[in-house]
Amino acid sequence: MERCFSAEGTVSASLMAIEPGPGRDIRKIHPSGLAAAPSSGFVPTVVCNDFVFVAGQMAHSTGQGLDPRAHVPDHSAWAGSEIRKQTEFVIREKLEPALEAAGSSLERSLKAQVYLADVEDFPEFVDVWNRYYADIPCALTVVPTKSFATKGGIIEINLLALTATSNRAKQVITADIPAMAALGPCIRALGTDGD
């Protein structure tokens, strides 16, 4: 990030914690293709109770940088755009396998947070995003970001979803928000007991 609340700060971090209790065990899932260096401590997917947490995913191959399938070749004038290729790759090659390994699917997605290197890429990003999510609502936050850990990377997506066996149902909430004031709907995960 270019600026944070602290004058010298350039990194922002967020954290979620689970209060220990029955049914709140944390399962760490390492789907193939989403691995990281063993020393990093990075866990691509975590399942706890009814929820799946997919850590930020980029269009890279482990230890090899930007995946060639997510890149427009320099010699090609009609192979699409970089943001379209990387968004498609992250959804198909990272998010779908992570959710599947955790017993979930794109349809069970509740909330996505997307980091974009260039806000000018937003229209093309959202066009690709809507090909997957137009009929399966998912709350969406887009955050402009200055740079990424992978050279050539211009998008990162993390995701919160429900497991396929969840006792909760995804529910779209009608809110008094002007059109275009939010990128996606308001969503809640409603338990069978109303919680």
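Against the test of being surrounded by 18 or more Cβ atoms within 10 Å (Cβ to Cβ), small (Gly, Ala, Ser) and within 30 Å of Arg188 (Cβ to Cβ), the options Ser105, Ser109 yield a single qualifying residue, Ser109.
Would you confirm, using the coordinates I've provided, whether Leu99 is modelled with pLDDT of 95 or more and in contact with a Ser or Thr (Cβ under 6 Å, 6 or more places away or on another chain)? Taking the combined requirement at face value, the residue satisfies it. When the range 13-64 is filtered for residues that are modelled with pLDDT under 80 and on the phi > 0 side of the Ramachandran plot, the ones remaining, listed by number, are Gly23, Gly33, Gly41, Gly63.
Residue count for the range 114-142 satisfying the condition of being in a strand (DSSP E or B) and under 14 Å from Thr87 (Cβ atoms): 5. Of a type in the set (Gly, Ala, Ser), over 22 Å from Ser61 (Cα atoms) and modelled with pLDDT under 95: is that true of Gly152 in this structure? Considered against the rule, which asks whether it is of a type in the set (Gly, Ala, Ser), over 22 Å from Ser61 (Cα atoms) and modelled with pLDDT under 95, Gly152 comes out as no.
Yes/no per residue for (1) touching an Asp or Glu at 6+ places or on another chain (Cβ under 8 Å); (2) in contact (Cβ under 8 Å) with a residue 60 or more places away in the chain; (3) buried (at least 18 other Cβ atoms within 10 Å of the Cβ):
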| site | (1), (2), (3) |
| --- | --- |
| Arg92 | no, no, no |
| Tyr115 | yes, no, yes |
| Phe125 | no, no, yes |
| Leu160 | no, yes, yes |
| Asn167 | yes, yes, no |
| Cys186 | no, no, no |
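The values are calculated or read from the model by the stated rules, or taken from the named source; none is laboratory data. These numbers were taken from a predicted model, which means no experiment stands behind them. Glycine also receives a Cβ, built like all others from the backbone with ideal geometry; neighbour counts cover every protein chain displayed.
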